[in-house]
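The values are calculated or read from the model by the stated rules, or taken from the named source; none is laboratory data. These numbers were taken from a predicted model, which means no experiment stands behind them. No Cβ is skipped: glycine too gets one built from the backbone with ideal geometry, and neighbour counts run over all protein chains shown.
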Amino acid sequence: MQGGSFFWLWPNLMMTFYPGPANMATIQMVPVDHETSIAVYTYYFRDENISQEEKDLMTFAEQVRQEDIELVELEQVGFRSRAFNKGRYSSSEKAIVQFHEMMLEALNE
C-alpha cells in the first residue's frame with residue numbers, strides 16, 4: 001500500500017490516513033519508563049460495519065506495526081552495545097530528526 005499521509009502531534013500522537021475508504025488511525029505512544037513505551041492504536045472508519053477492504057487495511061497496518069516493533073527492539077540492543085558511540089540519521093528521517101530536536105529543546109527548558 002502506498003500513498004498514506006502521516007501527521008505527528010507533539011509530543012506523542014501520530015495520525016495516519018491511507019488511500020481507499022474513509023479511514024484514520026491514531027497511534028499514541030505512552031512512556032512507561034526510560035526503556036519502555038506502550039503504543040495505543042485506534043482505527044476509525046465511516047461506520048461500524050467494517051468492509052473487507054477496511055479489514056485488509058487493518059491487517060496491513062498490523063503487519064507494518066509488527067515489523068516496526070522488531071526493528072526498534074533490535075535497535076535498542078545495538079544502542080546498549082559497548083561498540084555503539086553515536087548514530088547517524090538517514091536523509092529520509094526528517095520527522096525523527098525534528099522530534100529529537102523538539103525533545104532536546106523541551107528537556108533544556
Output for the stretch 43-58, where each listed residue is under 27 Å from P11 (Cα atoms) and either of a type in the set (F, W, Y) or loosely packed, with under 10 Cβ neighbours inside 10 Å (or both): Y43, Y44, F45
Residues satisfying the stated conditions in the stretch 5-37, i.e. within 18 Å of F99 (Cα to Cα), part of a strand (DSSP E or B) and of a type outside the set (S, T, N, Q): F6, F7, W8, L9, L13, M14, M15, I27, M29, V30, P31
Residue by residue through the stretch 80-109, note down the ones that are aliphatic (A, V, I, L, M) and either in a loop (DSSP other than H, G, I, E, B) or modelled with pLDDT of 90 or more (or both). A83, V97, M102, M103, L104, A106, L107
Check the stretch 56-72 and report whether any residue there is more than 21 Å from F6 (Cα to Cα), more than 14 Å from the chain's Cα centre (by Cα) and either in contact (Cβ under 8 Å) with a residue 24 or more places away in the chain or not in a loop (DSSP other than H, G, I, E, B) (or both). no
Flagged in the stretch 18-42 as among the hydrophobic types (A, V, I, L, M, F, W, C) and surrounded by fewer than 11 Cβ atoms within 10 Å (Cβ to Cβ), in numbering order, are A22, V30, V32, I38
